[in-house]
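Enquirer: This is the structure I have questions about; it appears just below.
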Amino acid sequence: MGEIRSMTGYGHGAAEGGGLAVACDVKTVNHRYLDVHVKLPRDLHDREPQVVQRVRKAVGRGRVDVTVRVDPAPGGGGQRLKVDAELAREVHAALRAVAEAVGRSEEPPTLEQIAAFDGVVVSEDAVRSDEVREALQAALRGALDAMATMRRDEGAALAGDLAARLARIDGWLAEVRARADELLPSLRDRLHERLEGLLGETPVDPERVLAEAAMLAEKGDVTEEMVRLGQHVEAFRAQLSAGGRVGRKLDFLAQEMHRETNTIGSKTPDVAVSHRVIDIKGEIERIREQVQNIE
């Protein structure tokens, strides 16, 4: 069976370079298209196109959130630090505005609060060094690999669940076929009983009963719908086996399965068939929900 990937995943990667520690977190959730959001430290904003490009190669569909942090590495040695004075003033003003907004103006921002804001205090040269850029790539690669592993594992679980649901639909569809083959004799007998009850001693023409039963059976014939439903089930199973980015195809096939099942339910005059149609529709609904999370 080919590889099926879920659109839900998380991965963390970390690397060091230039005396700094780079940490990267990648989180993905289901989305109709590929939607990438990247949050980088100010001095690495120029690397965003490269990060997005790497993500697009690794992910086909889903919302992807990438967050990168840069901190001094343990034992990384002394670093020349630079203070962004303009940003520090902006942060100070913003924190004071927050304090006033909540009625705490008597508590001015502390130096620790201002310095902790991203970009206020940075290494003067290290963040832009080639070592740090390489560390960013390594951390991103580790996060994407971990995320891909999680998506593969969840995708395998989804594929197993879907295969089990298809097998149940196969069994119920076989019951519907068998019951459909018995429909004409059943309709004939029921029609004969009703006519006898209505006509009393008047003889009932068996040929007329058979013709009427055949006409009713033809109106309720669901052979074509059963054939198409079976074909859609097999096509769905084939896509699961092929693997890859098949989420949209599976979603389309699930919709077609649901449509054919609805038609069978609306045409059939038989209670036993109707009950099985309800069972099949329930499984297809659960399949449609699961498919929404497949890449």
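The numbers here are math on the coordinates, done by the rules we state, and not lab data. The model shown is predicted, which means the values in this text are computed figures rather than measured ones. Heads up, the Cβs are rebuilt from the backbone with ideal geometry, glycines too, and the neighbour counts pull from every protein chain shown.
Enquirer: For the ranges 148-160, 6-18, what's the packing order if you count other beta-carbon atoms within 10 Å of each residue, average per peptide, and put the highest first?
Expert: The densest-packed peptide leads the list: 6-18, 148-160.
Enquirer: Same structure, new question: Please go through the residue pairs Lys27/Lys249; Lys39/Lys249; Lys57/Lys249; Lys249/Lys281; Lys27/Lys281 and name each one whose alpha carbons sit more than 26 Å apart in this structure.
Expert: Details: Lys27/Lys249 24 Å; Lys39/Lys249 32 Å; Lys57/Lys249 21 Å; Lys249/Lys281 19 Å; Lys27/Lys281 33 Å.
Long pairs (Cα-Cα over 26 Å): Lys39/Lys249; Lys27/Lys281.
Enquirer: If you don't mind, another one. Looking at the square roots a ≥ b ≥ c of the eigenvalues of the Cα gyration tensor of the range 83-154, which shape do they give, rounded for a/c under 1.5, prolate if a/b is larger than b/c, or oblate? Kindly include the intermediate steps, with their values, before the conclusion.
Expert: Numbers: a/c = 5.17, a/b = 1.79, b/c = 2.88.
Because a/c hits 1.5 or more and a/b fails to exceed b/c, the range 83-154 counts as oblate.
Enquirer: How many angstrom lie between the Cα centre of the range 6-35 and the Cα centre of the range 259-295?
Expert: The distance from the Cα centre of the range 6-35 to that of the range 259-295 comes to 39 Å.
Enquirer: So how far apart, in nm, are the two label points at Thr110 and Glu131 if each is 7 Å from Cα heading toward Cβ?
Expert: Roughly 3.2 nm, to one decimal.
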